[in-house]
């Protein structure tokens, strides 16, 4: 018999980490959980269980995944519960629940953090953008072929639309919507689990999971409007929305201005079929407006290597006015257009405000590179939503901790990862020695009960001499 087979299975590092009150009080993440009252936020979003392990502790386990240098829930579960089968199920059951409202949870969490770290005199901007996340496997629920601008080709996955609020220093993610395209893979599997009744037909039609499946085919603009409406309803105070050229449709701009009373600053692109502008009672496309009106007005900006010209226009059939700032680089023939619905802003103020939109690009990079965004390896839509919510939660809590310490995201992330990895390694090492000691004590008890005093003495002498080559199984019972 090998000694390793008799060792007591090591419980979850994180679970032991949580159960030790002295350690948990010294941990920044645990302290943030307590200060933000994460348990009450989970309960208000109906993320709760009747019996079994506490949801708050399970979520805490899942939050720590990137800080343990693990890339996914699967790797975390495999590393922590490779010797047991029952413990790992609590993580998968939590992620697969269609009745949990993760959207509401993130909205409430971000509002609570925003209320604590934002300054009343700061100007706040809502920032809207989307990113593509590739999936592996044609059987992922609701996955479709979407165009990835970075790879310049279509990929199998999702477009994920994110709304955040930026205060000049920190971006907080407010909410996310998953967008699926029309072209889906036609694939079937011989696996038994894929021949069962689809989950969409088994869950409650009024559950958040069922509602998400009904809305999955909505357009990106419809989901963007829904995100903005939810943010205003929750109480986020911001007067301006920043967005890139994909959202610059006149109909969408008018809808936001009229119905949500928000000002918009965005980049424009040449869309002759949908976007026209009135200048001196004449209709122009964006390209014609630049060529015929703005180009003669271009003037070099002092201390900068580009020319600019501002033109105030009206969106046809409405009273919504736009101040369009055209920017032309001397090095090439390319030009860019930036628009603001607040025509009182100067050209410099419009360009400076639009530059703050870059904060959401930083969010996407950090989340994908450090927090596992889009790497969930799940085939169930509810699990994908839950994993995305955990990523947004990690980013929001890191932002909260960083604001308290007056630090940056990278510094906060690296410190927490180093802290948690050292503590978890120390706990695992201690548990290993405790298991070895328990095994040796059991052997001593067995020797003494069977009156094998010589073997017991040899074992004690080996321990005293730290003879690592001596193993208890080398002394068989006779």
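The values are calculated or read from the model by the stated rules, or taken from the named source; none is laboratory data. Remember, it's a predicted structure, so these values are computed and weren't measured experimentally. Cβ coordinates were reconstructed from backbone atoms using ideal geometry, including for glycine residues, and neighbour counts include every protein chain displayed.
At-a-glance table
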quantity	calculated
Hey, residue 72 closer than 30 Å to residue 404 by Cα and at pLDDT below 90 or not	yes
Among (1) crowded, with 23+ Cβ neighbours inside 10 Å; (2) over 10 Å from the mean Cα position of the chain (by Cα) - the single one residue 389 does not satisfy	(2)
Cβ-Cβ under 8 Å pairs, at least 6 apart or on other chains, segment 46-57 side surrounded by 13 or more Cβ atoms within 10 Å (Cβ to Cβ), far side at pLDDT below 85	53/90; 55/49; 57/15; 57/18
Which listed residue, of 151, 182, is in contact with a strand residue (DSSP E or B) (Cβ under 8 Å, 6 or more places away or on another chain) and either part of a loop (DSSP other than H, G, I, E, B) or without any contact (Cβ under 8 Å) to a residue 60 or more places away in the chain (or both)	182
Qualifying positions in segment 369-388 - over 30 Å from residue 202 (Cβ atoms), part of a helix (DSSP H, G or I) and touching a residue at least 12 places away in the same chain (Cβ under 8 Å)	370
Hits in segment 287-331 - residues which are in a strand (DSSP E or B) and under 37 Å from the mean Cα position of the chain (by Cα)	306, 321, 322, 323, 324, 325, 326, 327, 328, 329
Some residue of segment 345-363 being over 22 Å from residue 242 (Cα atoms) and in contact (Cβ under 8 Å) with a residue 12 or more places away in the chain	no
Residue ID - farthest from the chain's Cα centre (by Cα), chosen from residues in segment 332-350 that are part of a strand (DSSP E or B) and crowded, with 19+ Cβ neighbours inside 10 Å	335
Any chance residue 116 is surrounded by fewer than 21 Cβ atoms within 10 Å (Cβ to Cβ), within 15 Å of the chain's Cα centre (by Cα) and in contact (Cβ under 8 Å) with a residue 60 or more places away in the chain	no
Residues being assigned to a loop (DSSP other than H, G, I, E, B) and surrounded by 12 or more Cβ atoms within 10 Å (Cβ to Cβ) - total across segment 248-286	9
